[in-house]
Amino acid sequence: GGCYATLLQPFFNLFPREQFFLLLQEELKQDFSHTMDRLVAFLGLQPGFNFQSMVSNPAYKPRNSRIHHFFLFPSGPAYQIGRRLLRALPLSQQYRLRQKAVQANLRATTYPPLSKEVEEKLRHSYADEIKKLEIILGRDLSPWLVTKTEE
């Protein structure tokens with residue numbers, strides 16, 4: 001999934017490059033407002049909308065893995081009882097209750113840092129892809145090729 005140049009190339013073969021607006025996550029983090037202004041201009045929209053940056057996919061970890069598994073793969077006697085009880089509710093309410101139960105069982109977490117060996121291996125295995133993406137984007141992505149200890 002990280003082979004962006006390879007994934008983009010078939011689209012560039014079919015459509016003019018000018019029809020694409022490609023941005024990097026780093027751009028959103030470094031200068032969200034300016035990046036969004038550029039996107040608005042590219043789309044030909046009226047400027048002036050006040051976009052708000054937000055984190056939409058934070059890392060979570062189940063508090064209880066059995067409960068989490070139960071909600072992801074419901075089965076067994078407890079599921080049958082719960083299903084009978086909830087059957088009186090509309091499907092939309094059943095869904096909301098399930099979602100709330102899943103969310104209540106989650107707690108925020110952070111991902112552990114990559115080991116230096118894994119980071120170096122990934123940077124090496126993606127090096128050619130990153131160089132191709134530099135050409136496509138017309139941007140310097142050399143920081144993606146260097147481990148933090150090398151900087």
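The values are calculated or read from the model by the stated rules, or taken from the named source; none is laboratory data. Since we're looking at a predicted model, the values are computed, not measured. We place every Cβ from the backbone using ideal geometry, glycine too, and count neighbours over all the protein chains shown. These area figures cover heavy atoms from the full protein model, side chains too; ligands, DNA and RNA do not enter into them. Shrake-Rupley method; radii C 1.70, N 1.55, O 1.52, S 1.80 Å.
Scan the range 30-51 for residues that are part of a helix (DSSP H, G or I), touching a helix residue (DSSP H, G or I) at 6+ places or on another chain (Cβ under 9 Å) and open to solvent by 50 Å² or more (accessible area, probe 1.4 Å) and jot them down.
34, 38
Please list, ordered by first then second residue, the pairs with beta carbon atoms under 8 Å, 6 or more apart or interchain, first in the range 56-75 and open to solvent by 100 Å² or more (accessible area, probe 1.4 Å), second among the basic types (Lys, Arg) and at pLDDT 85 or above.
Here the result reads 60/107; 63/107, each pair linking the range 56-75 to a residue that is among the basic types (Lys, Arg) and at pLDDT 85 or above.
Restricting the range 76-98 to residues that are under 30 Å from the mean Cα position of the chain (by Cα) and surrounded by 10 or more Cβ atoms within 10 Å (Cβ to Cβ), which is nearest to residue 110 (Cα to Cα)?
To start, the set of residues in the range 76-98 that are under 30 Å from the mean Cα position of the chain (by Cα) comprises 91-98.
Checking which are surrounded by 10 or more Cβ atoms within 10 Å (Cβ to Cβ) leaves us with 93-98.
Values: 93: 31, 94: 30, 95: 28, 96: 26, 97: 26, 98: 24 Å.
It comes out as 98.
Exactly one condition in (1) at pLDDT 90 or above; (2) under 19 Å from the mean Cα position of the chain (by Cα); (3) among the hydrophobic types (A, V, I, L, M, F, W, C) is not met by residue 118; state its number.
If we test residue 118 against (1) at pLDDT 90 or above; (2) under 19 Å from the mean Cα position of the chain (by Cα); (3) among the hydrophobic types (A, V, I, L, M, F, W, C), just (2) comes out false.
Working only within the range 101-126, note down all residues that are β-branched (Val, Ile, Thr) and in contact with a Phe, Trp or Tyr (Cβ under 8 Å, 6 or more places away or on another chain).
The initial filter retains those residues of the range 101-126 that are β-branched (Val, Ile, Thr), namely 102, 109-110, 118.
Selection gives 102, 109.
Which of the residues belonging to the range 52-66 are of a type outside the set (A, V, I, L, M), at pLDDT 85 or above and not in a helix (DSSP H, G or I)? Spell out the reasoning first.
Of all residues in the range 52-66, those of a type outside the set (A, V, I, L, M) come to 52-53, 56-58, 60-66.
Filter once more, so that each one left must be at pLDDT 85 or above: 52-53, 60-65.
Selection gives 52, 53, 60, 61, 62, 63, 64.
For residue 111, state whether it is open to solvent by 100 Å² or more (accessible area, probe 1.4 Å) and of a type in the set (Ser, Thr, Tyr).
Yes: the conditions hold for residue 111.
State all residues of the range 114-143 that are within 28 Å of residue 61 (Cα to Cα) and either in contact with a helix residue (DSSP H, G or I) (Cβ under 7 Å, 6 or more places away or on another chain) or surrounded by 10 or more Cβ atoms within 10 Å (Cβ to Cβ) (or both); if no residue qualifies, say none.
Within the range 114-143, 114, 116, 118, 119, 120, 121, 122, 123 meet the criteria.
Residue pairs, Cβ under 7 Å, 6 or more apart or interchain, first in the range 26-38 and of a type in the set (Val, Ile, Thr), second open to solvent by less than 50 Å² (accessible area, probe 1.4 Å). List them.
35/27
Return yes or no: is residue 49 closer than 30 Å to residue 130 by Cβ, at pLDDT 80 or above and not basic (Lys, Arg)?
Taking the combined requirement at face value, the residue does not satisfy it.
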